[in-house]
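Read through the structure below, which is laid out as structure tokens, and then see the notes.
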Amino acid sequence: MLKQFLNLKLSQKLSPQQIQLMKLIQLPTQAFEQRLKEELVENPALESGKEEEELYEKDEFDNNDEYDDYEGSENIEAGEINIDEYLSNDETPDYKLQSNNYSDDDEDREIPFAAATSFHQDLINQLNTFLLTDEEREIAEFLVGSIDDDGYLRRDIQDIVDDMAFTQGIYTDEKTVEKMLHIIHDLDPVGVGARNLHECLLLQLRHKTPSESVDLAINIIQNEFDAFTKKHYEKLLLHYEISKEQLKKAIEEIERLNPKPGGAYDSNNRIVEQIVPDFAIRIVDGELELTLNGRNAPTLHVSKDYQEMLQTYKDSRDKSNQQKDAVQFIKQKLDSAKWFIDAIRQRQETLYVTMNAIMHFQREYFLDGEETKLKPMILKDVADMVGLDISTVSRVANSKYVDTPYGTKLIKEFFSESMKNDQGEDVSTLEIKKILKNIIEEEDKSKPLPDDQLAELLKEKGYPIARRTIAKYRDLLDIPVARMRKKI
């Protein structure tokens, strides 16, 4: 039996322009600059820098004219093309095309960067200092290519031998590969090419200047690695018949080692670049002052050459189909350039008003830098202040940094939920985490506090929190359990 019914559904779809604007808002400064470069390459009607003469301007982006439904040059009539709409003798003031919240001599607009070097390329460059046969070099480079981002070679040697034979046509044996691996173990950073943490630590210890504490550290890692990782210090003291001071010095030698030799490189195998703050907050005469990084406010204009092309078409008496096709192309590029300039302006305004709201909401913190003064703040609080959607505020907060008098901070770190203290007052979970961190930092490391004792101490300070919540906050702070915090 068939049934008919009416179903009403309310839905909202974003236009392609709105989606692109959201993506622009989400980009941090460096990624935005890259996106800008791509747009300048793709759209010849868009140009950067100031233009002394006429600048194209149209305040409202209007995409609803006769030309938008164009499907072929044969449908175009000369009278249908409103060329004047794309030709303007009005000069657009510079302030409409660039941010006005920094001065001309603002030195924060350009921040130098070191050239990025590939992790694996750096290792291959070091191989050039060794005298190797062609076959040995091919094997060594294959091994380098098998090293992961942490600096480890996690593949079995026999698998590597087989892989080289099948994929590279290099026929060798395990002994030769092991020989090349020993050479890689001599490369920087020390410990690179290790097959596990045990070997990684040993490689680094053996590169240290020999001493009593270094020799003991090597012995512990080589023969009592399990007892060391579980911090069974009493067992080590009895086994080696040494004093606590001797064991402490050996452990200090181990703790100075790097468990991830490739850690200086990010997931894309490139040296991690410095963070570029998207905003800066300064205290001037006791008041907070916010600026947007000038690199987010490029000076853009529409190509004069493209406007002249349209003028030439307008003045032409005979308008061929070929010319009409060219005008259609030019119009599309001008529309795109006009939209991009407007989108950048909207991006600047959105970034500024959002960060300005956050700054005023957390005014007490930004004035003295005390983290316990951070108020509970969620995305909705800021969204209500600035009249934006929560998703827009999230895009601003998740990937942007602000330079403050107390260091460069990730904006999303200022957001936190609220909890009630014993007085019934709302306090930020950031405040509680800060107090918890301070308690753990000040504890007796020979007898670190378990979570239930930490919960009791916080309760005494006026924060009634369950033990499982303590464990959750400790994990978020990347603090290990009590046993793993123990020191001799």
Exercise. Helices (runs of 4 or more DSSP H) wholly in the stretch 114-188 with at least 1 residues that are closer than 30 Å to VAL276 by Cα and open to solvent by less than 30 Å² (accessible area, probe 1.4 Å) - which ones?
Worked result: 119-127
For this session: Give the residue that is nearest to LYS412 (Cα to Cα), with candidates limited to residues of the stretch 333-380 that are of a type in the set (Ser, Thr, Tyr) and at pLDDT below 90.
Result: THR372
Exercise. Of everything in the stretch 209-230 that's over 35 Å from the mean Cα position of the chain (by Cα) and in a loop (DSSP other than H, G, I, E, B), which residue is surrounded by the most Cβ atoms within 10 Å (Cβ to Cβ)?
Worked result: GLU224
For this session: Within the stretch 249-271, work out how many residues are surrounded by 15 or more Cβ atoms within 10 Å (Cβ to Cβ), at pLDDT 90 or above and either on the phi > 0 side of the Ramachandran plot or in a helix (DSSP H, G or I) (or both).
Result: 5
Problem set entry | Single unsatisfied condition, ILE330 versus (1) at pLDDT 90 or above; (2) open to solvent by less than 30 Å² (accessible area, probe 1.4 Å) | (1)
Seminar exercise, completed: Among residues of the stretch 272-311 being among the aliphatic types (A, V, I, L, M) and under 30 Å from VAL190 (Cβ atoms), the residue modelled with the lowest pLDDT is VAL272
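Yes/no per residue for (1) touching a helix residue (DSSP H, G or I) at 6+ places or on another chain (Cβ under 6 Å); (2) farther than 24 Å from ARG282 by Cα; (3) not in a loop (DSSP other than H, G, I, E, B):
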site	(1), (2), (3)
MET385	yes, no, yes
ARG395	yes, no, yes
LYS409	no, no, yes
LYS437	no, yes, yes
SER446	no, yes, no
Exercise. What pairs can you find where one residue is in the stretch 414-439 and closer than 26 Å to MET359 by Cβ, the other is crowded, with 21+ Cβ neighbours inside 10 Å and among the small types (Gly, Ala, Ser), and their Cβ atoms are less than 7 Å apart, with a gap of 6+ or different chains?
Worked result: SER416/SER428; SER418/SER428
Exercise. Residues ASP478, ASP422, ASP452: which one is more than 30 Å from PRO28 (Cβ to Cβ), among the charged types (D, E, K, R), part of a loop (DSSP other than H, G, I, E, B) and open to solvent by 60 Å² or more (accessible area, probe 1.4 Å)?
Worked result: ASP422
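The values are calculated or read from the model by the stated rules, or taken from the named source; none is laboratory data. The structure displayed is predicted, hence computed values, not measured ones. Note: ideal-geometry Cβ built from the backbone for every residue, glycine included; neighbour counts use all protein chains shown. Quick note on the areas: whole protein, heavy atoms, side chains included, nothing else; ligands and nucleic acids left out. Shrake-Rupley method; radii C 1.70, N 1.55, O 1.52, S 1.80 Å.
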